[in-house]
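Read-outs throughout are calculated quantities, based only on the coordinates presented, and are distinct from any laboratory measurement. Given the structure is predicted, the values throughout are model-derived calculations rather than measurements. Using ideal geometry, Cβ is built from the backbone for each residue, glycine included, and neighbour counts are taken over all protein chains shown.
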2 protein chains.
Amino acid sequence: MKIMVQKFGGSSVANPERIKLVAERVVSYRKKGWSMVVVVSALGDTTDELIALAGQITDDPPAREMDMLLSTGEQISVALLAMAIAELGYRAISFTGAQVGIKTDKTHTKAKIIDIDANRIKNELGGGKVVIVAGFQGVTEDQDITTLGRGGSDLTAVALAKAVSADACEIYTDVEGIYTTDPRIVTEARKLKAITYDEMLEMASLGAQVMQARSIEVAKKFDIPLHVRSSFNYNDGTLILKEADIMEDFVISGVTLNKNEAKITVCDVPDMPGIAAKIFKEVSKSGINVDTIVQNVSRKGYTDLSFTIPLGDLAKAKSLTEKITKFIKAGGILVDKDIARVSIVGVGMKTHPGVAAKMFEALAQKSINISMITTSEISISCIINKKNAEKAVRAVHAKFGLGK
Amino acid sequence: MKIMVQKFGGSSVANPERIKLVAERVVSYRKKGWSMVVVVSALGDTTDELIALAGQITDDPPAREMDMLLSTGEQISVALLAMAIAELGYRAISFTGAQVGIKTDKTHTKAKIIDIDANRIKNELGGGKVVIVAGFQGVTEDQDITTLGRGGSDLTAVALAKAVSADACEIYTDVEGIYTTDPRIVTEARKLKAITYDEMLEMASLGAQVMQARSIEVAKKFDIPLHVRSSFNYNDGTLILKEADIMEDFVISGVTLNKNEAKITVCDVPDMPGIAAKIFKEVSKSGINVDTIVQNVSRKGYTDLSFTIPLGDLAKAKSLTEKITKFIKAGGILVDKDIARVSIVGVGMKTHPGVAAKMFEALAQKSINISMITTSEISISCIINKKNAEKAVRAVHAKFGLGK
């Protein structure tokens, strides 16, 4: 008995018609002999509607009650999908996260899965039923309902795939797979046949929005191959695998763009040991996620220190940095909201020298100035002016020959 | 620590504004020192909307999945009410039927409560929290979600009142209480201060729609006084009590009207033993609830047999009766859809003679013909022509001096 886990996002189950199409897809696999476990998100905008409803009651809903509220979205989806599959003449049974034994910690609104008791699922699969599980939710040891945070349904799917020892795990979404870059920016963008977990993680952290990092991390940890594909057709999507299983040998897999960052520069910082630590300790204590940090060479005992933060945290970060600036007797701060991060990602760069130089050359040829650079083992990021963002992505994408 | 159970119906929590008003009411009791258990129905039309959603998927949804779907309505309500109470600065915690240990049998869509494990509620009450419980739902021993059928939230409230040994149980609705008759028909209709369980049961079965019979039966069984009142003001409503606790001594408590019945007459039935049994055995086997039955005196070995059924079952009952008519060689059938049932209800009629005569006199004075009569220990019903229905209710209501 081969087991497949399929996960369908909100756009795939946006309305009854879409749900019927999902039912047909699930049944087509069931007919081929697969034992099916299906994870479903809330219908279309349901979650946003529930959040809006809570917003009419209070600006500060208790997290436990928010989870109680939001978890109804997925519960509606699983019931409707079970009905649609029954309507096609196949036996199906729906479960909430609690019913199916998805145990989490007590961190409401972003709980971590601790354990899954897959016995009930295995029993129902053994009885020939399609098992449908509400994504995004779990239950604490006290039987309180929790939700798993953004991308939670993907996480449910991956964790279930592990728990039932699935032979395949498919993530259905509204795009056809993972592309070399955003096709809305570069029309030649090519759908990747396969990508490694590490590349996907890097791309997710650099701005690609197809999957959240947490579910990829879990898939990597347990070596569960994921197939990301579209629920609107039957085309192959992109496989997410461990490096050893990738057949193709591309140096670079993709180019990402992130326009949701801002840069803060602290000017004329006294160049003494511990000063940088003082700044970033304060900023990180406030929960702001500092990314790229660049420190200029010291000039007459003073240096400039630049770092990037999410655009949404700018106001908080600015007022915090201003206070620290006074405290450490630095010259002042500069804020730049017009930045963009262009990154290349690829496991191949570990073994191919000259990748960074090639990227800088691509930008130089288009007269695009680079204000900051960071690298990881499998990625290189350049911070540039926002107005050049799309031009830079196209230039880099072309330089590495990523197009069709 | 005195415990109060309050139940709020769908119209009382139709939108966020209404939910806030319910929160204020609950908190006003909490401030007075009551330990509060609050049972809530789904927001306004939510249940109907969910049923419509299922209807777009299938005409024949599996009952288990229907319960999975519908139970989300109350889950949304409890979460929102908990938020609204928290917003007022009081601690509240919401529970699904499953979380709070409302165990039912497996009869999906109309499950029976088997047991309630009130420990979690008592613990939370002991900790000073307002406990909010989703009405209308429970859970089987297999952890499958069930719903309790029409009037299910009332049943949840009454059963919880028993389980926590509540000192008071209030049922909030969109009317001010139980009236001597429908105020839309008789403007002088008076709100009753109190009514017995038996009278309320009789009125519910005769067409009054304020409360379903099941929850009244449970309240009677465990002697839980109910206070039916409006969520739109703070006026006293109507108490539902055992007879011994009623102070006032009215002969008649109310007049009810039911216009949702039809009459079938089987003509020229051979008057032999067992014939009536044959007819009603067949009809009841089909699930149709036969009410009043009248058999005329025999004439030359033949008799006429009339009975009433719910209007919605007419087509089914008619074709069934036609078959039986042929089988027993009766003359044929007559169908009358233009009937109405006017009833008087009152425990006083057990000890006061002449009540029936007084009712017939009231109708005679208005020249209203009575086609069938039935009586129970505490009620008398007359079947009349539908066109006289409201006139009859007004005449009887006046005759017994029930008005203000």
**Item:** Cα-projected label distance for A:Lys106 with A:Met272, points at 7 Å along beta-carbon direction, nm
**Value:** 4.4
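Okay, helix-only estimate at 222 nm for chain A: each DSSP H run of n ≥ 4 adds -39500 (n - 2.57), divide by all residues, round to 500 deg cm²/dmol; what do you get?
Numbers: 11 runs with 138 residues, N = 404.
That comes out to -10500 deg cm²/dmol.
Within chain A, what is the longest stretch that has no GluC sites (Glu not before Pro) placed in a DSSP loop and near at most 16 other beta-carbon atoms within 10 Å?
On the way: sites that count: A:Glu141, A:Glu188, A:Glu248, A:Glu377.
That gives A:1-140 as the longest site-free run.
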**Prompt:** Anyone know which of B:Ile102, B:Ile368, B:Ile132 comes out most mobile in the 10 Å Cα GNM of chain B?
**Reply:** B:Ile368
**Taking B:Thr104, A:Thr375 and counting other C-beta atoms within 10 Å, the order from fewest to most** = A:Thr375, B:Thr104
**Request:** Place a label point 7 angstrom from the Cα of A:Ala168 along the Cα-to-Cβ direction, then list the residues of the range A:1-33 whose backbone nitrogen is under 13 Å away.
**Result:** A:2-7, A:25-33
**Fill in**
Chain A to chain B by rotation: the residue of A with the beta carbon nearest the axis and the rounded distance in Å are A:Thr72, 2
**Complete:** If unit charges are put on Cβ atoms (+1 for Lys and Arg, -1 for Asp and Glu) and the dipole of chain B is taken about its Cα centre, the option from B:Leu50, B:Thr181, B:Val37 lying farthest towards the positive end turns out to be B:Thr181
**Request:** Kindly work out what percent of the DSSP beta bridges joining two residues of the range B:3-174 are antiparallel, to the nearest 5.
**Result:** 25
**Request:** For chain B, with a Gaussian network of springs between Cα atoms less than 10 Å apart, report the residue from B:Ser371, B:Ser205, B:Ser230 with the top mean-square fluctuation.
**Result:** B:Ser371
**Message:** With unit charges on the beta carbons (Lys and Arg positive, Asp and Glu negative) and the dipole taken about the Cα centre of the range A:3-174, which residue among A:Gln137, A:Cys169, A:Gly151 sits farthest to the positive side?
**Reply:** A:Cys169
**Fill in**
Listed residues A:Gly101, A:Gly126, A:Gly138; largest mean-square fluctuation, Gaussian network over chain A with Cα springs below 10 Å, found at A:Gly126
**Request:** Helix by helix through chain A, keep the DSSP H runs that span 24 Å or more along the axis on Cα and average at least -1.0 on Kyte-Doolittle, and give those back in order.
**Result:** A:63-87
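Run the numbers on the range A:108-196 and let me know its relative contact order in percent, using alpha-carbon pairs under 8 Å that are six or more apart.
Values: 89 pairs, mean separation 20.7, N = 89.
Taking the mean separation of contacting Cα pairs over the length of the range A:108-196, I get 23 percent.
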**Message:** Just to compare against my own numbers: the Cα pair-distance distribution for the protein assembly as shown, 20 Å bins, whole % per bin, please.
**Reply:** 14, 34, 30, 15, 7, 1, 0
**Prompt:** If each of B:Asn235 and B:Ile114 carries a label point 7 Å out from its Cα toward its Cβ, how far apart are those two points in nm?
**Reply:** 4.4
**Item:** the range B:97-113 - phi-based ³J(HN,Hα) in whole Hz, Karplus 6.51/-1.76/1.60, Gly and Pro as x
**Value:** x, 5, 4, 8, x, 8, 7, 10, 6, 9, 6, 4, 6, 8, 6, 9, 6
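Could you give the size of the charge dipole of the range B:183-328 about its Cα centre, using +1 on the Cβ of each K and R and -1 on the Cβ of each D and E, expressed in debye and rounded to the nearest 20?
On the way: 20 positive and 19 negative charges, 135 e Å.
That gives a dipole near 640 debye.
If you put +1 on each Lys and Arg Cβ and -1 on each Asp and Glu Cβ, how big is the dipole of chain A around its Cα centre, in Debye rounded to 20?
Numbers: 51 positive and 48 negative charges, 154 e Å.
For chain A, the charge dipole is close to 740 debye.
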**Request:** Rank these for me by crowding, A:Ile324, B:Ile264, A:Ile171, going from fewest to most other beta carbons within 10 Å.
**Result:** A:Ile324, B:Ile264, A:Ile171
**Message:** As a test, work out the antiparallel percent of DSSP beta bridges whose residues both lie in the protein assembly as shown, rounded to the nearest 5.
**Reply:** 60
**Fill in**
Footprinting proxy, B:Val266, A:Val37: sorted fewest to most Cβ within 10 Å, the residues are B:Val266, A:Val37
**Request:** Work from the charge dipole of the protein assembly as shown (Cβ charges, +1 for Lys and Arg, -1 for Asp and Glu, about the Cα centre) and give the residue of B:His227, A:Thr96, A:Ala244 farthest towards its positive end.
**Result:** B:His227
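Calculate how many DSSP beta bridges within chain A are antiparallel, expressed in % of all such bridges and rounded to the nearest 5. Please list the in-between numbers first.
Numbers: 45 of 73 bridges.
Antiparallel: roughly 60 percent of the beta bridges in chain A.
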**Fill in**
To the nearest 20 debye, the protein assembly as shown has a Cα-centred charge dipole, built from +1 on Lys and Arg Cβ and -1 on Asp and Glu Cβ, of 460
